[in-house]
Structure formats: C-alpha cells, structure tokens
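Notes follow once the structure below has been shown.
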Amino acid sequence: MPWIQKEIRLSPRKRGCHLVHREIVGQIPELKTMKVGMANVFLQHTSASLMINENADPDVQKDMEMGLNKIVPETFPYIHTDEGPDDMPGHLKSGLVGVSLNIPISDGRLNLGTWQGIYLCEHRDSGGSRRVVVTLQGEKK
C-alpha cells in the first residue's frame, strides 16, 4: 500500500471558521487514485485548527466562531502577550479543537458524511497563509 505525502498551502483568511474542504482536496489529485485507505490532514500551526463540521449552512461557521470566542475570551489576563491579544487565545483554541484529522478514503474520495466538510478555524486576526501536510495511505484502484 503506497504512502503519499504533500505539503499544501491554504489561502490567508481572516479570523473565523472557514470551509476549506474543496481547497484541500483540489491540491491532492492523488486521492482519486485510491480505492481504500486513510488520509491524515495535519495543520503546521499553533494558532489555528482543523475540524470536521456541517458544510451546508454558513450560519454554522459564524456560530462556531462565536462559541469559541465565548469559551476562550481575549479579555482573560494572559501572561503570553508579546504577539498581541489574539495570540494566546489562538493557542488555547488550537489546543481545544486540534490540528489533525484522520479521514477514511473510499473510491477516490474522502469518506465524510453527507453534511460534513473540513474547516480551517483561523484564531488570529491576520494568521496568513497556513501550511497543511496531507498523508494518504491505502490501496490503489
């Protein structure tokens, strides 16, 4: 079973939860050659995160951001403040949500539920371009 690993870049985004499923899949054409396997999607940053969530209603993105801001407020008396008021809350949110996803591969696609998609949660006001390592392993078609 072959291993394929690629480092891809996601476009810079403002703070919030952004559906990036198509952007990720579009940069891994090798996925279409796999019959069955696993995909690991790993974000190489500590102030953003990845999650799988509903992909149909854009209100979910807004509600996720509001909920994360309520759980981890910027107004907490953080000690690590050298990089700005959004940095430490970004680290906490990243730790809570996570930076890695494992997704089954079936017949050349990520085998997610009907209403599921991959989100980048950008926890900084200006996080910039984000690097993602995608590792595929499985049986070829």
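The values are calculated or read from the model by the stated rules, or taken from the named source; none is laboratory data. Keep in mind it's a predicted model, so treat the numbers as computed, not measured. As a convention, Cβ positions derive from the backbone with ideal geometry for all residues, glycine included, and neighbour counts pool all protein chains shown. When the accessible area is computed, the model is the full protein with side chains, heavy atoms only, and any ligands, DNA or RNA have been set aside. Shrake-Rupley method; radii C 1.70, N 1.55, O 1.52, S 1.80 Å.
For the reader, a short list of remarks on this structure follows.
- THR46 vs. criteria more than 15 Å from the chain's Cα centre (by Cα) and more than 25 Å from GLN137 (Cβ to Cβ): no
- Selection status of LYS14, exposed (fewer than 12 other Cβ atoms within 10 Å of the Cβ) and free of Cβ contacts under 8 Å to residues at least 40 places away in the same chain: no
- Every pair of residues 6+ apart whose Cβ atoms lie under 6 Å, when the first sits in segment 111-138 and is more than 13 Å from VAL20 (Cα to Cα) while the second is of a type in the set (Asp, Glu) and open to solvent by 20 Å² or more (accessible area, probe 1.4 Å): TRP115/GLU54; VAL133/GLU7
- Some residue of segment 70-82 being out of contact with any helix residue (DSSP H, G or I) (no Cβ under 8 Å at 6 or more places or on another chain), closer than 16 Å to ARG130 by Cα and acidic (Asp, Glu): no
- Set ILE79, ILE103: member being at pLDDT 95 or above, open to solvent by less than 70 Å² (accessible area, probe 1.4 Å) and β-branched (Val, Ile, Thr): ILE103
- The set of residues in segment 43-71 being hydrophobic (A, V, I, L, M, F, W, C) and either surrounded by 18 or more Cβ atoms within 10 Å (Cβ to Cβ) or under 22 Å from THR114 (Cα atoms) (or both) consists of LEU43, ALA48, LEU50, MET51, ILE52, ALA56, VAL60, MET64, LEU68.
- Residue count, segment 20-42 (criterion: more than 15 Å from the chain's Cα centre (by Cα), open to solvent by 50 Å² or more (accessible area, probe 1.4 Å) and farther than 12 Å from LEU101 by Cα): 6
- Qualifying residue in segment 7-28 (condition: touching a Gly at 6+ places or on another chain (Cβ under 8 Å) and over 28 Å from MET66 (Cβ atoms)): no
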